[in-house]
Structure formats: structure tokens, C-alpha cells
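As C-alpha cells, the structure follows; a few thoughts come after it.
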Amino acid sequence: MTAHLLCVDDLGPDGVEAVLKLTDSMVEVGRRDIPKVPALRGRTVVSLFYEDSTRTRLSFETAAKRLSADTMSFSVSTSAVKKGESLRDTVLTIEAMGIDALVVRHASSGVPWQLAAWLAGSGVSVVNAGDGWHEHPTQALLDAYTIRNEHKAGSLEGLRVGIVGDVKHSRVARSNVFCFAMLGASVTLVAPPTLLPASLDGWPCDVAHDLDEVVGELDVCYLLRLQQERMTEALVPSLREYAFSYGLDLARAQRLPAGALVMHPGPINRGVEIAPEVADLPCAVITRQVANGVAVRMAVLFHLLTAPADGEVRLDG
Amino acid sequence: MAEGGPSRVLLRGGAVVDRGGVRRADVLVDSGVVAAVGDDVPIDGAAVLDCGGCWVGPGLVDLHTHLRQPGREEAETVETGSRAAALGGFTTVVAMPNTTPAIDSAAVVREVMALGATALCTVEVSGAITVDRAGERLAPMAELARLGVRLFTDDGTGVQDGRLMRRALEYALPLGVVLAQHCEDDALAAGGVMHEGAWSSRMGVPGQPAEAEELMVMRDVTLARLTGARVHFQHLSTAGSVDLVRLAKRSGLAVTCEATPHHLTLTDEACQGYDTAFRVNPPLRPAADRDAVRAGLLDGTIDAVATDHAPHDQEAKERPFDQAPPGMLGLETAMALTLGGLGLGDDPQRLFALLSWQPASVLGLPAAAGVMAPGAPADLCVIDPGERWVVDAGRLASRSRNTPYAGMELQGRVRHTVHCGEPVVIDQEAQR
């Protein structure tokens, strides 16, 4: 049975715990003079990005290189797919080169599931690096790791997390709601009804429409990026109006409880979902999230591509 | 009648089903018509088809088939589609006009009619309501009606402009044709690729609400009242739509409607693995809607089961879920799904009503009579209600493979099909 990481649920609570624990070791590797271990020597990790993404792609490639894996990178414009190019042909071609893991990013929800089905029996692990509005599991893992390390509680258990903004179109929100809830946090979505999914049946979270009502009780205030095109879809009247109701300005940030964290998956719109001065506060751990991204992705690749029979982690070969 | 085929065929040992009831009888076909129905029909040189344990009824009629010709021959042709139809028990299919070019001119009508002339079933050619199905100008409906077009639709899209639809209904009144609507309000559907609900929300897939369909049903019920014209609603999929039609019929309006085998058997939950075989428009709905469609078929609100047979080549269906074209095959599985989905194992009359004489009467076809008696056209369908079979996508007669039922076991199978007196399917094998 080939291990994939399509969504956080694939790992389950034990798997998440194992990856977060491994991440500690990877952070340690990152601090070495030569931040590289031979753990995945001879393995090939391919990144297949059908959507522009600088940080996630660099983060995965850096992670693979630090584990001594060989890396290949396929950059495919979405227009090629719209012309009718078969995703399946592309993937089977790459698979035929003899690879171990395929890290995939696609603007359409579900593509990693389609790939996993086509690659069944090939031994290739599929890692979801973000699919449409659906899931972004490594983002959720790096966010959980960041909260665990940066919040004084040292754990998500019992923390009150607000996820603020465009939940409807956000793969980060979908992965984080389920990941944070799995780790014991109590999650509240804060957004106007137009930016929430049509149905939240089965979602382990509450909903609020007024940020001012809940901001004083948030241990973590997680802000989502608002895309410009949401205005033309009549989902919010204007950026200004959005910032008025849902932007984390200084006044709102000052109402956060002591020790609360401000997080954002990036790239941030200063002045829209977050005021410039708030982004630079010590409680805003946005760059810590990026830094932890490499270590978490190292942990994920290591977790999927090695099967330690005795559960012992051997990074140095 | 194909050259060299037997001119006399005896369907022996089955139970004959028609509007009049169900009775043990043999059926003799001679020269394209039913020659005799009874207990002791002499063989007298006729080819004998064994119908033991089977229902022998009028050929099935599909109001909604995409044959893809002209323009999309890689997905289906009139020949392959009609073979799939025959294997599914259909002796008449209505070819939808969303071809390339669209069936909106006499030239294309004639082309498809010519292709249909040698097909394994009767191909009723439908026409577009508007030029190129663009929803802007009326197609030449009178000219096309004169050629024999009985049904007009912009299927694949609904006529969005209420004034244009009103004019179409009024203009068509004296032509004696049926206008059929694909009910989908584009603005409200907003490009949604599955039903908007719990599953689309969790899957991160743009959804279209049930109301996008219901809004157009509501509008066209109103236009039927305004114009006095007949309106046929295609592939209804929501509880609200079924309710609207039920009320409209109760108030005496001339509306009819159809539902597909997939909307009475599948729900939106089936999309959860992003298998594009389940992407279809209107989209699969939650269980409550599926149950309402079933109830509508059983209480007479919904007149017909229509397949919306929509072949797509493999490559198109291997795109991401939101980019793959909507549609699924239907002809070869429709009867078994209707039988199983509605639990009609003891009610062959209702099965044939929904798949044969009721759809025929929507179009005013001769098969609307639903009688198995001397003189009736020899379009016949023989169903073995007990046979269990597994759907093998690779063995379907359609050129395409996009069935969501691959690997599924179904009960009830078409054993023989006779079209215009010619046995086109014998023992589940197409004869040409």
C-alpha cells in the first residue's frame, strides 16, 4: 500500500503526531552548518505544478534536497490543460521515468485524488501541495507545528482558533479546520455568509459573522488572503468594506488575549486582511510559518518514503 | 427491414405487456408489423426468438439522446449510438441538437435524418430553438418542422431570455411541435459543476443550487400559462422541480417532463472521489431529491424516463473534475436502472409506460398507443427481468466508456429488440 498525503485525514491523529515529532528533528537538521542528511539518497521527488506557486514549490524542493533526494520539476501552464492535454498522459510519462514521489499543485480540486487513482500499483507517493479550494495538508501541518512551538500552551488542545476571511475559496481553511480540530482546538470561522461554503454540515467548527464579537477570545487569529476577483463576483462590496469588518487592525489586535498569535498563509495583502503595523507585531508569526514549512515538508517526505520497521528515525543513514 | 433478414419472426413463450395488461402470448411479426398475438401462433417458417421468462412489450422510446453526429464522432456516431440504443431495448431515440454544427438548419436536419435512415433504431431528429443554441435569435422552426422535426430544444443550456422563450412558444403553437427546456438559470448556476450542498462544500468544488433549475421550471410554467403552449421539461433532478410540475399539472397546464436513470439511482455523494464519470448536468443531487424523482415517476408527475445518454471520449473525461465535460452514458443501462431504481419487478406495465408509451405520447409518436395487437408497428423490446449482469464498460456498444455504473451488478436485461420487424438484437447481441 503506497502512502500518499492527499489530506490531513489520511494521516490521522497518530500520523499527524508522528510528522510533527519528525519535524523537530528536521528543524535541528536545518540548523546544522551543512543542513543536509542522506535519508532519501537515491530517491526521486518530482514537483508537478499546474499553478504558479513560488513558496510552496521552493519549500518542497528545498525539503527534498536537504534529505538528499534527486529532484525534478515540471512546470505546466494551466492553459495546456484547458486545450485538452491529458493530465493522465503527463503523469504516466513522468511515472515511467522511475520516481518515488509526485508533489502536485493544481487549480482544480481533486486532481491529487485522480493522480493517486491512475498511479495505483506504481509505488509512487502522491503529495498534495494544494488542490483548488479543497486541501493543502502541508500548510495545515506547518501551521499546527507553528502554533505548537510559538504559543505558550505548547499544544493545540483547548486553544480557540479563529479562521477569518474567504473560507469558501480556501484550501488552507479546509485543511486547517479539520487538522486543528483533530488536534483538540476549538475552531471558529469568521466571515460574511458570502465567503462561507454553502453548507458546513460535518465541519468541526463554529461560525461567527462579527470579528469584533470574537476577537477578544482568540488564542490564534488566522487570517486568509482575500483575492481581488471576489469583488467582481459580488461577494463583498469593496476591499475597504472588507477591511472595515474583517481586517485585523491595531485596535482589534490589541484586544487579542495575551500570548495570542496572528497567522497568515501568505502572501499578505497589507491593509486588507491585516493592517501593516499588525503584520510587524511580535505576535505575528507569519515568517515563522514559512520557516517551518521546509522542516514540515522534509518530515512529510521522510514519513511517506521511508518505512522504519522499528519506528526509529535514522536521518544520517 | 435489412436485406436478407427474416421477414417473419415469432417471439415465443413470453408475457406480453401493453397498456391493456400483461398476458401469456406469442407474438408473430410479419413484414414490419405485428401479425398475430396469441397462444397458438403457428411457426410456419418464421425465425423463432425464445422469450421464456421475459416481458415482451413495445420498443422503448428515449426522448433524450446525444448521438454526437455531426462534429463529435470520436465520442459517438449515429451508428454506434443506435446500436447502443438497440441493445438497451430502444427502438426510437430523439437525437439532441447540440452537435457541431448545431441542428438549427434544414441542411443539418437532413444530414442526421440520412444517417438515421440506416441506423438500428428510429432516429427522431430534434432541432434547436435558437440559432446555434446561442439564445439570441429563433431557429427556422417552421422549416424544420416541415422536414419532420417534432421537438425543439437548446439542450445543454436553457433559453435564458424570458421574452425570447415566450416568443418561441407562441411562434411554435401552430406548428404542432413540442418545445423542451434544459432548465438551468445560468446566473444562479454561476458555472457550478456539481450540486451545491454539503459535498460540494467539503470537496471545494463550485456548486450550483437546486434553485438554479427550479427558477427556470417556475418561469416556464408561467410562460405555459401565458402562451397556452406545451412545454416539456428535460431531465428534472430536484424535489422542488417535481413539486412545481405536479402543481402545474394539477392546474391544468400542458406541461410534461422527464427524469434520467442516474437521477433516480445516484446522489451527489458519488462525486466524493472526483471521478469524472459522475460529473453530469443537471448534477447528481442529495438523497431527498433522488427520492422525490422516484416518487414523481411513480405518481405520474414525471411522464418519462429519458436517458440523457451523453458520450464523451476518454481523454475529455480524464481532465480535472471541474474541467471534464458533464454527461454519462445511459442507453444500455437505462432499463435495468429504472427497473431496479423504482422496484418494478412486479410491475412491467409501469416499466414500459415510463420507457415506451408515455415518452412516445409526449411526442405524439405512433408508439403512444402502447398496444401489442395485429397491425401495430413491429418495434418490440423483450426484457428478461431476472437476469443479473455486471456492467462492463469495455463491452458497451457506445464509442465512449463514460458510464458511472462500470463494475456494478444490475438486474434485468434486454434480450431481444425488434425494429421495424427486423430483429436488431438477438440474445443480447446486436445483429449489425
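The values are calculated or read from the model by the stated rules, or taken from the named source; none is laboratory data. None of these values were measured; they are calculated from a predicted model. Cβ coordinates were reconstructed from backbone atoms using ideal geometry, including for glycine residues, and neighbour counts include every protein chain displayed.
If you go through the stretch A:263-283 one residue at a time, how many are crowded, with 22+ Cβ neighbours inside 10 Å and more than 14 Å from the chain's Cα centre (by Cα)? Total satisfying the criteria: 3. Need the failing condition index for A:Ala107 against (1) at pLDDT below 95; (2) under 21 Å from A:Arg297 (Cβ atoms); (3) away from chain B (no Cβ under 14 Å), just the number. Tallying (1) at pLDDT below 95; (2) under 21 Å from A:Arg297 (Cβ atoms); (3) away from chain B (no Cβ under 14 Å), A:Ala107 fails exactly one: (3). Residue count for the stretch B:162-184, restricted to those that are acidic (Asp, Glu) and out of contact with any strand residue (DSSP E or B) (no Cβ under 9 Å at 6 or more places or on another chain): 1. A single entry from B:Thr118, B:Thr122 fulfils the requirement of being touching a Cys at 6+ places or on another chain (Cβ under 9 Å) and surrounded by fewer than 23 Cβ atoms within 10 Å (Cβ to Cβ): B:Thr122.
I need the full set of residues from the stretch A:84-104 which are in contact with a helix residue (DSSP H, G or I) (Cβ under 8 Å, 6 or more places away or on another chain) and either without any contact (Cβ under 8 Å) to a residue 60 or more places away in the chain or within 13 Å of chain B (Cβ to nearest Cβ) (or both), in order please. Scanning the stretch A:84-104 gives A:Gly84, A:Ser86, A:Leu87, A:Arg88, A:Val91, A:Leu92, A:Leu102, A:Val103, A:Val104.
The set of residues from the stretch B:195-230 being assigned to a helix (DSSP H, G or I), touching a Leu at 6+ places or on another chain (Cβ under 9 Å), within 28 Å of B:Thr256 (Cβ to Cβ) and within 14 Å of chain A (Cβ to nearest Cβ) comprises B:Glu211, B:Ala212. Scanning the stretch B:180-194 for residues that are over 23 Å from the mean Cα position of the chain (by Cα) and within 10 Å of chain A (Cβ to nearest Cβ), we see that the one that is modelled with the highest pLDDT is B:Gly192. Scanning the stretch A:207-245 for residues that are within 16 Å of A:Ile274 (Cα to Cα), crowded, with 18+ Cβ neighbours inside 10 Å and more than 22 Å from the chain's Cα centre (by Cα) gives A:Leu211, A:Val215, A:Tyr242, A:Ala243. Residue check: B:Val245 meets all listed conditions (1) aliphatic (A, V, I, L, M); (2) more than 18 Å from B:Glu211 (Cβ to Cβ); (3) away from chain A (no Cβ under 14 Å) but one, namely (2).
B:Asp308 passes every criterion in (1) on the phi < 0 side of the Ramachandran plot; (2) surrounded by 24 or more Cβ atoms within 10 Å (Cβ to Cβ); (3) not aliphatic (A, V, I, L, M) apart from (1).
Of the helices (runs of 4 or more DSSP H) that lie entirely inside the stretch A:242-309, those containing 2 or more residues that are in contact with a Phe, Trp or Tyr (Cβ under 8 Å, 6 or more places away or on another chain) and within 28 Å of A:Thr71 (Cβ to Cβ) span A:286-305.
So which helices (runs of 4 or more DSSP H) are wholly in the stretch B:271-355 and hold at least 2 residues that are of a type in the set (A, V, I, L, M, F, W, C) and away from chain A (no Cβ under 14 Å)? If you could, list the steps in order and put the result at the bottom.
Details: elements: B:287-298, B:314-317, B:334-341, B:348-352.
Because the criterion is at least 2 residues that are of a type in the set (A, V, I, L, M, F, W, C) and away from chain A (no Cβ under 14 Å), the helices (runs of 4 or more DSSP H) in the stretch B:271-355 that meet it are B:287-298, B:334-341, B:348-352.
Note on the stretch A:237-276: residues that are more than 25 Å from A:Ser175 (Cβ to Cβ) and among the acidic types (Asp, Glu) total 2. Which residue out of B:Val149, B:Val94, B:Val109 is part of a loop (DSSP other than H, G, I, E, B) and either touching a helix residue (DSSP H, G or I) at 6+ places or on another chain (Cβ under 9 Å) or closer than 24 Å to B:His419 by Cα (or both)? Within the list B:Val149, B:Val94, B:Val109, the selection yields B:Val149.
Give me a count of the residues in the stretch B:29-54 that are crowded, with 22+ Cβ neighbours inside 10 Å and part of a strand (DSSP E or B). Walk me through how you get there before you give the answer.
To start, the set of residues in the stretch B:29-54 that are crowded, with 22+ Cβ neighbours inside 10 Å comprises B:29, B:34, B:49, B:51, B:54.
Now narrow it down to the ones that are part of a strand (DSSP E or B): B:29, B:34, B:49.
Within the stretch B:29-54, residues that are crowded, with 22+ Cβ neighbours inside 10 Å and part of a strand (DSSP E or B) number 3.
The conditions of being in contact (Cβ under 8 Å) with a residue 40 or more places away in the chain and outside the structural domain of B:Val93 (by TED's automatic domain parsing) are met by B:Leu380. Please work out if B:Thr122 is closer than 30 Å to B:Val425 by Cα and more than 14 Å from chain A (Cβ to nearest Cβ). Yes.
Looking at the stretch A:198-218, which of its residues are within 14 Å of chain B (Cβ to nearest Cβ), not β-branched (Val, Ile, Thr) and not in a loop (DSSP other than H, G, I, E, B)? Listed by number, the list holds a single entry, A:Cys205.
Within the stretch B:322-348, work out how many residues are of a type in the set (S, T, N, Q) and in contact with a strand residue (DSSP E or B) (Cβ under 6 Å, 6 or more places away or on another chain). Show your work before the answer.
Keep residues of the stretch B:322-348 that are of a type in the set (S, T, N, Q), which gives B:323, B:333, B:338.
From what is left, the residues that are in contact with a strand residue (DSSP E or B) (Cβ under 6 Å, 6 or more places away or on another chain) are B:338.
Matching residues across the stretch B:322-348 total 1.
Of the residues that make up the stretch B:365-375, is at least one in a helix (DSSP H, G or I), buried (at least 19 other Cβ atoms within 10 Å of the Cβ) and touching a strand residue (DSSP E or B) at 6+ places or on another chain (Cβ under 6 Å)? Yes: the stretch B:365-375 contains one or more residues that are in a helix (DSSP H, G or I), buried (at least 19 other Cβ atoms within 10 Å of the Cβ) and touching a strand residue (DSSP E or B) at 6+ places or on another chain (Cβ under 6 Å).
Of the numbered criteria (1) surrounded by 22 or more Cβ atoms within 10 Å (Cβ to Cβ); (2) within 19 Å of A:Ile274 (Cα to Cα), the one A:Ala185 fails is (2). Which ones in the stretch A:28-56 are in a helix (DSSP H, G or I) and buried (at least 19 other Cβ atoms within 10 Å of the Cβ)? Within the stretch A:28-56, A:Val29, A:Thr56 qualify.
Residues in the stretch B:202-239 that are hydroxyl-bearing (Ser, Thr, Tyr) and touching a helix residue (DSSP H, G or I) at 6+ places or on another chain (Cβ under 8 Å) were compared, and the one that is surrounded by the fewest Cβ atoms within 10 Å (Cβ to Cβ) is B:Thr227.
Scan the stretch A:150-197 residue by residue and report those that are within 14 Å of chain B (Cβ to nearest Cβ), under 18 Å from the mean Cα position of the chain (by Cα) and over 23 Å from A:Ala291 (Cα atoms).
Pass one, the stretch A:150-197, residues within 14 Å of chain B (Cβ to nearest Cβ): A:166-178, A:181, A:189, A:191, A:193-197.
Subset that is under 18 Å from the mean Cα position of the chain (by Cα): A:166-178, A:181, A:189.
Across the stretch A:150-197, the qualifying residues are A:Asp166, A:Val167, A:Lys168, A:His169, A:Ala181, A:Leu189.
What do you reckon, is A:Arg297 of a type outside the set (A, V, I, L, M, F, W, C), in contact with a helix residue (DSSP H, G or I) (Cβ under 7 Å, 6 or more places away or on another chain) and assigned by TED's automatic domain parsing to the domain that holds A:Asp14? Outline the logic, then answer.
Values: of a type outside the set (A, V, I, L, M, F, W, C): yes; in contact with a helix residue (DSSP H, G or I) (Cβ under 7 Å, 6 or more places away or on another chain): yes; assigned by TED's automatic domain parsing to the domain that holds A:Asp14: yes.
Yes.
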